[in-house]
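What follows draws every value from the coordinates through simple rules; no lab data is involved. Small disclaimer: the values here were computed from a predicted structure and weren't measured. Please note: Cβ atoms are built from the backbone with ideal geometry, for glycine as well, and neighbour counts cover all protein chains shown.
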Amino acid sequence: MIRSATAADVPVIHAMIRDLAEYEKALHEVRATEEQLHEALFGERAAAYAHVAQDESGEVVGFALWFLNFSTWRGVHGVYLEDLYVRPEARGGGHGKALLRELARICVERGYERLEWSVLDWNTPSIDFYKALGARPQEEWTVYRLTDGALAELGRG
């Protein structure tokens, strides 16, 4: 079952974010707190959204955290999927596909024309899964990122 996340889901989503970061060999980069996650999802200026997947017993076994982006070429919003994660013991049960299906449904319902995300180039199981759904890599585009000192330096002008 897929449903919108509630404030009560923040601790389990936060724990799964840490699990995902560990899988991606980047746990040392996680700084987000439960309080920050709560503010981003449910605060006064919430700008992110989350859905959770539950197993038959009602336990949350996966999540999708996303936000709106905008295509200047298409002139409409889209969804950027920041994180998709299903606990290892629940994989193969259709939870990941159901989460992506829900985001695709939201896109179609609201007239959004893109559902996008990034995947590490070594994550072959995920790449194969996404390709099986019809997703295609944007090989001609490279993601750039400013963080920490470089961001601060540029921001200071």
*Assign unit charges at the C-beta atoms only (+1 for Lys and Arg, -1 for Asp and Glu), then state the dipole size of region 10-113 relative to its Cα centre in Debye, rounded to the nearest 20.*
420 debye
_region 65-127 - charge dipole about Cα centre, Lys and Arg +1 at Cβ, Asp and Glu -1, debye rounded to 20_ = 200 debye
*For the chain, share of DSSP beta bridges that run antiparallel, in % to the nearest 5*: 85 percent
*asked:* Skipping prolines and chain starts, which residues have an amide H placed within reach, meaning under 5 Å, of the one on E82, given they are 5 or more residues away or on another chain?
replied: L65, W66, F67
*Under 18 Å from the 7 Å Cα→Cβ point of L146, by amide nitrogen: which residues of region 75-111?*
none
_Give me log10 I(q)/I(0) at q = 0.11, 0.17 Å⁻¹ for region 16-99, Debye formula, one equal scatterer per alpha-carbon, no solvent._
-0.37, -0.82
*Furthest towards positive pole of dipole, T147, V86, F70, structure part the chain, Cβ charges*: F70
*Loop chymotrypsin sites (Phe, Trp or Tyr not before Pro), region 54-94, which have at most 13 other Cβ atoms in a 10 Å radius of their Cβ (DSSP)*: W73
_Relative packing of 104-114, 50-60, which averages over residues the other C-beta atoms within 10 Å, highest first_ = 50-60, 104-114
*How many nm is it between the label spots at V76 and E102, if each spot is 7 Å from the Cα in line with the beta carbon?*
2.2 nm
_the chain: DSSP helices with Cα axial extent of at least 15 Å and average Kyte-Doolittle hydropathy no lower than -1.0_ = 10-23, 95-110
*Dimensions of the chain along principal axes (Cα, Å, largest first)?*
53, 35, 34
_Extension gain, A132 back to E59 (0.36 nm per residue minus Cα-Cα distance, nm)_ = 23.6 nm
*Relative contact order of the chain: what whole-number percent is it, with Cα pairs under 8 angstrom and at least 6 residues apart?*
17 percent
